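As structure tokens, the structure follows; a few thoughts come after it.
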């Protein structure tokens with residue numbers, strides 16, 4: 001195609017929208033620099049969310065893609081496509097997984113007047129809030145002890161879910177995916193043994209989170225493939241997911257507990273992520289060269305999605 005040098009082709013615009021209050025904005029400047037060094041057809045900018053409304057005026061004359069690593073549902077660009085995180089409860093996530101064809105761990109809402117039996121739920125079942133994080137208010141209970149009036153204080157929405165046995169010490173994988181590609185993958189194993197005395201009504205918290213577990217970086221091809229399929233099929237419009245995945249001990253089957261679609265999972269530089277990396281002597285960024293990988297993913301997506 002012949003073009004007049006007076007009127008050069010407009011370059012695609014990529015606008016990265018981090019949440020500076022939660023992570024180091026320099027991460028995204030590093031990624032932007034990598035994109036500039038390899039892709040002359042893409043003009044990349046890092047813009048704070050509160051500045052989008054006026055900064056976008058500079059981008060309306062070119063095809064643009066906005067990628068918000070956190071929720072930005074109220075931003076509608078004058079021109080271009082915006083993909084961003086969304087707040088979705090666990091129940092909503094399970095419905096999307098099921099619709100996309102994934103096997104979902106059996107669950108239901110805890111409701112008034114309902115009685116839960118071991119014949120259906122097993123000797124112990126998970127109780128979890130529909131909206132929650134870091135395993136707060138998650139517990140194991142005998143199904144017959146689960147009652148709406150005891151669990152759903154102040155009308156909070158809780159779920160009952162079948163317990164998946166991952167081992168004597170509960171463990172899970174956290175796959176951080178960007179448009180389906182895994183930027184980091186760790187396995188966290190709880191310090192608490194499920195074999196300990198269970199004389200109390202509330203059994204040990206089964207969540208292997210950062211406060212009661214140890215994390216190691218792993219390169220598990222099966223988990224990576226599963227996480228990619230989950231992202232692309234069930235949550236194709238959400239760029240960044242922190243997928244919590246478990247492998248059942250007896251069958252080896254993988255299940256997704258949640259995907260943390262809001263976007264607060266960029267733990268390369270959050271205070272929580274940095275503390276965890278220091279404690280366990282690991283480095284999320286170097287595992288798969290995450291920032292270079294992110295740059296390459298964003299180059300492809302900008303060429304595909306900029307409008």
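Paramagnetic label reach from residue 11 (point 7 Å along Cα→Cβ; backbone nitrogen cut-off under 14 Å): within the stretch 40-59, residues 40-46, 59.
Principal-axis analysis of the Cα atoms of the chain puts helix 26-38 at an angle of about 50° to the longest axis.
For the chain, the longest principal axis of the Cα atoms and the long axis of helix 290-305 meet at an angle of about 70 degrees. The average projected area of the chain, computed from the convex hull of its Cα atoms over all directions, is 18.5 nm². When you count the other C-beta atoms within 10 angstrom of each residue and take the mean per peptide, 153-162, 84-93 line up highest first as 84-93, 153-162.
Give me the percent relative contact order of the stretch 90-261, please, defined on Cα pairs under 8 angstrom at least 6 residues apart.
Reported relative contact order: 24 percent.
Spacing of the modelled spin labels on residue 100 and residue 61, each 7 Å from Cα toward Cβ, amounts to 3.9 nm.
The stretch between residue 123 and residue 156, if pulled fully straight at 0.36 nm per residue, gains 9.4 nm over its current Cα-Cα span. With a ≥ b ≥ c the root eigenvalues of the C-alpha gyration tensor of the stretch 86-157, is it rounded (a/c under 1.5), prolate (a/b larger than b/c) or oblate? Oblate, because a/c is 1.5 or more while a/b does not exceed b/c. Were the residues from residue 280 through residue 20 laid out at 0.36 nm apart, the gain over their Cα-Cα distance would be 91.1 nm. In the calculated pair-distance distribution of the stretch 90-261, the portion above 19 angstrom amounts to 57 percent of the Cα-Cα pairs. Taking the longest Cα principal axis of the chain as reference, the axis of helix 90-99 is set at about 70 degrees.
Residue ranges 47-59, 109-121, 259-271 sort as 259-271, 47-59, 109-121 when ordered by packing (mean number of other C-beta atoms within 10 Å per residue, highest first).
In terms of surrounding Cβ atoms within a 10 Å radius of their Cβ, 181, 222, 37 rank from fewest to most as 37, 222, 181. Please work out the Cα center distance from the stretch 249-307 to the stretch 76-139, rounded to the nearest Å. The stretch 249-307 and the stretch 76-139 have Cα centres spaced 21 Å from each other.
Taken together, the values in this text are just the output of simple stated rules run on the coordinates, not laboratory data. Everything numeric here is computed off the predicted structure, so don't read it as measured data. FYI the Cβ positions are ideal-geometry reconstructions off the backbone, even for glycines, and counts take in every protein chain you see.
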